[in-house]
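Scroll down for the structure; my scribbles are underneath it.
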Amino acid sequence: MVTIHARACSPLDGDFLIVPQDDPELVSISDLTPGTVFPTEPAVQVSAAITAPASLAATASLPPAYIPFSGAIPLLVRVTLTARTLFYRFSRMVIDPCFDGRTLRRGTYLTTESDHGYANTGFAAVGRYALPLPVPASILFVYQLPAGTDISVGTVLPNYGQSGGGVEARLGADAVPTWATSIALPDY
């Protein structure tokens with residue numbers, strides 16, 4: 001296994017697997033490190049020293065038995081917020097069924113400050129976050145979660161005939177937001 005030490009600016013720390021590939025249309029590890037010869041193993045271990053935002057304390061590592069597959073990686077990063085942090089949730093309903101007015105339920109899916117802007121319409125949210133109903137999710141709920149909140153973060157897998165690809169965060173336990181509001185978005 002080859003180990004590469006890299007610096008980057010990302011909300012993640014830890015070890016990452018990069019699958020070697022020889023495809024002219026996809027980025028491979030050879031493109032990132034020209035002139036380096038890599039063994040033909042199922043994966044190349046990359047150990048990264050990454051600077052994380054102040055509100056996140058995260059480690060990203062794959063379980064030892066992880067086997068790469070086509071599609072996105074499931075929620076592997078465990079994060080404990082170190083400061084109040086904004087998260088977003090798209091819905092078609094004007095009342096969020098996961099929020100009772102005080103508590104956001106364990107298992108609720110949200111997205112991040114950095115990612116929510118890529119879905120600036122209701123239909124864009126359906127595709128990016130692979131929502132189960134093909135109607136525009138034009139209500140954007142904004143929650144400020146307190147420090148100490150535990151979440152899992154990863155990439156939205158393709159589902160319900162939608163492409164996915166957005167960033168999703170799932171609450172590990174019930175959370176009481178320090179602030180909450182909603183915003184209406186255009187359908188398209």
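Since every read-out is calculated from the coordinates, none of them should be taken as a lab result. Note that the structure is predicted; figures quoted are calculated from it, not measured. Neighbour counts run over all protein chains shown; Cβ positions are idealised from the backbone, glycine included.
From the alpha carbon centroid of region 102-123 to that of region 161-188 is 1 Å. Taking amide H as placed 1.01 Å from N in the peptide plane, Asn159 has its amide H under 5 Å from the amide H of Gly164, each at least 5 places away in sequence or on another chain. Near the amide H of Ala137, within less than 5 Å, lie the amide hydrogens of Phe123, Ala125, Val126, all on another chain or at least 5 residues away, with H placed in the peptide plane. For the pair Trp179 and Asp100, the difference between a 0.36 nm per residue extended length and the Cα-Cα distance amounts to 27.1 nm. Here is the P(r) of region 80-184: all C-alpha pair distances, binned every 5 Å from 0, give 3, 14, 25, 27, 20, 10, 2, 0 in whole percents.
A simple spin-label model places the labels of Tyr188 and Arg92 1.5 nm from each other, with each point 7 Å out along Cα-to-Cβ.
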